Amino acid sequence: MEWRTLRLDRGDHGRRVDLVLRRHLRDEKGVSRNRIQKWIDAGNVLINGSPPARSAWRVQDGDELRVRVDDVPKRERPRAEALPIDVLYEDDDLLAVNKPAGIVVHPSYRQAGGTLINGLLERARTWPAGSTPALVGRLDKQTSGVVLVSKRTDIHAALQRAMAARRIDKDYLAIVRGKVSPPKGTIDLAIDRDPWDRRRVTVTDRGGQPSVTKYERVSTANGFSLLRCRLITGRTHQLRVHLAARRWPIVGDAVYGDGAAEPRFPRQALHSWRVRFRQPRTGRELTIEAPLPDDMRTLAAAIALPV
């Protein structure tokens with residue numbers, strides 16, 4: 001049997017090990033909660049070299065999580081594809097790309113091609129030997145904007161450590177329903193998977209993952225607001241869930257409360273606008289911005305919302 005090391009990120013901190021495994025293996029055929037429990041019981045899951053005492057064991061920043069599987073087919077290596085990529089910044093160690101809405105960031109069994117990684121693998125053909133693209137954080141398919149990509153494993157590890165230590169600032173722009181008041185503040189609400197629908201996330205007052213979002217109202221008009229939001233923690237669907245919980249659902253968000261409302265918008269009006277961090281090797285401070293996409297500008301114009 002083969003040991004596999006899973007690459008953890010901020011969304012895993014404080015989560016149960018069985019849920020972390022399910023998250024990272026969700027696109028593998030044959031993976032279920034029952035099978036994951038059997039792996040844990042059989043000692044085929046290790047955290048920092050030791051088996052967790054129970055499936056509810058919580059993963060922490062910096063943990064190494066390994067799993068030994070023998071009956072799950074290995075995913076084929078993603079293929080390189082000549083796809084258009086909007087590069088915002090690039091150096092010898094990393095690059096930042098502007099992902100359009102509608103693009104999946106990583107291949108899965110349901111979608112093996114046409115993803116951001118497929119396009120990056122083609123671009124990586126010109127990189128030095130040993131370089132390979134690895135995402136530093138992900139965006140939902142229907143969220144646009146900045147995605148960081150490392151070229152080497154040591155750079156990826158350094159960026160992941162910086163993210164876990166909250167030394168990378170990630171700012172988003174969102175068009176929401178409602179006149180947001182107060183105009184500036186912090187949303188501190190724990191979130192967890194919806195027990196009735198594992199594809200959704202919900203606010204919870206029992207357990208869950210501590211989750212913090214800072215927001216600032218940029219403009220407001222006609223019952224809508226443009227917000228600038230900063231992720232303090234980086235949980236799955238955090239911004240969408242936090243804003244909906246405050247009754248400021250993101251326009252077009254069919255999952256968390258605004259998809260059927262007017263004006264109609266074909267996706268959640270959420271954009272990863274800016275990232276600020278220090279280049280791990282040179283120490284240079286970088287600020288990378290992706291301009292507000294045309295579809296969100298058109299939406300703002302339709303509701304007379306200044307941007």
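Quick one: order Trp273, Trp248 by neighbouring beta-carbon count within 10 Å, fewest to most.
Neighbour counts put them in this order, fewest first: Trp273, Trp248.
What full-extension length gain, to one decimal in nm, is calculated for Asp86 and Lys179 as 0.36 nm per residue of separation minus the Cα-Cα distance?
30.1 nm
Report the Stokes-Einstein translational diffusion coefficient (µm² s⁻¹, integer) for the range 119-185, Rh taken as the Kirkwood radius over Cα pairs, at 20 °C with viscosity 1.002 mPa s.
After rounding, the answer is 146 µm²/s.
How big is the shadow of the Cα convex hull of the chain, averaged over all directions, in nm²? Intermediate values should be presented prior to the final figure.
Details: hull surface 65.0 nm².
Answer in nm², one decimal: 16.2.
What FRET efficiency, computed as 1/(1 + (r/R0)^6) with R0 = 41 Å and r the Cβ-Cβ distance, is obtained for Ala129 and Arg206, rounded to the nearest 0.05?
Rounded to the nearest 0.05, the efficiency is 0.20.
If you take the beta carbon distance between Arg276 and Ala53 as r and set R0 to 51 Å, what does 1/(1 + (r/R0)^6) give as a FRET efficiency, to the nearest 0.05?
0.85
Enumerate the helices in the chain for which the Kyte-Doolittle hydropathy averages -1.0 or more and the C-alpha atoms extend at least 18 Å along the helix's axis, using complete DSSP H runs.
On the way: long enough: none.
Helix filter hits for the chain: none.
Multiply the residue gap between Ser219 and Asp154 by 0.36 nm, knock off their C-alpha separation, and tell me the result in nm, one decimal place.
Going from the current span to full extension adds 19.3 nm.
Which order results if Val69, Val87, Val97 are arranged by neighbouring Cβ count within 10 Å, fewest first?
Val87, Val69, Val97
For each of His156, His106, count neighbouring Cβ atoms within 10 Å of the residue's Cβ, then give the residues from fewest to most. Walk me through the numbers before you get to the answer.
Working: His156 22, His106 13.
So the residues, fewest neighbours to most, are His106, His156.
If you take the beta carbon distance between Ala112 and Ala42 as r and set R0 to 30 Å, what does 1/(1 + (r/R0)^6) give as a FRET efficiency, to the nearest 0.05?
That gives a FRET efficiency of 0.50.
Taking only Cα atoms of the range 2-69, what ratio of Rg to Rh do you get with Rh as the Kirkwood inverse-distance radius?
Numbers: Rg = 10.6 Å, Rh = 11.7 Å.
That ratio equals 0.90.
In whole Å and largest first, what semi-axes does the C-alpha gyration tensor of the range 214-269 yield when each eigenvalue is scaled by 5 and square-rooted? Present the calculation step by step, with values, prior to reporting the outcome.
Working: eigenvalues 66, 45, 14 Å².
Here the semi-axes work out to 18, 15, 8 Å.
How many nm is it between the label spots at Arg247 and Ala304, if each spot is 7 Å from the Cα in line with the beta carbon?
Label-label distance for Arg247 and Ala304, simple model: 2.4 nm.
Quick note: the coordinates plus some simple rules give every number you see, no bench work behind them. Computed from a predicted model, the values in this text were never measured in an experiment. Cβ: placed from backbone, ideal geometry, glycine included. Neighbour counts: every protein chain shown.
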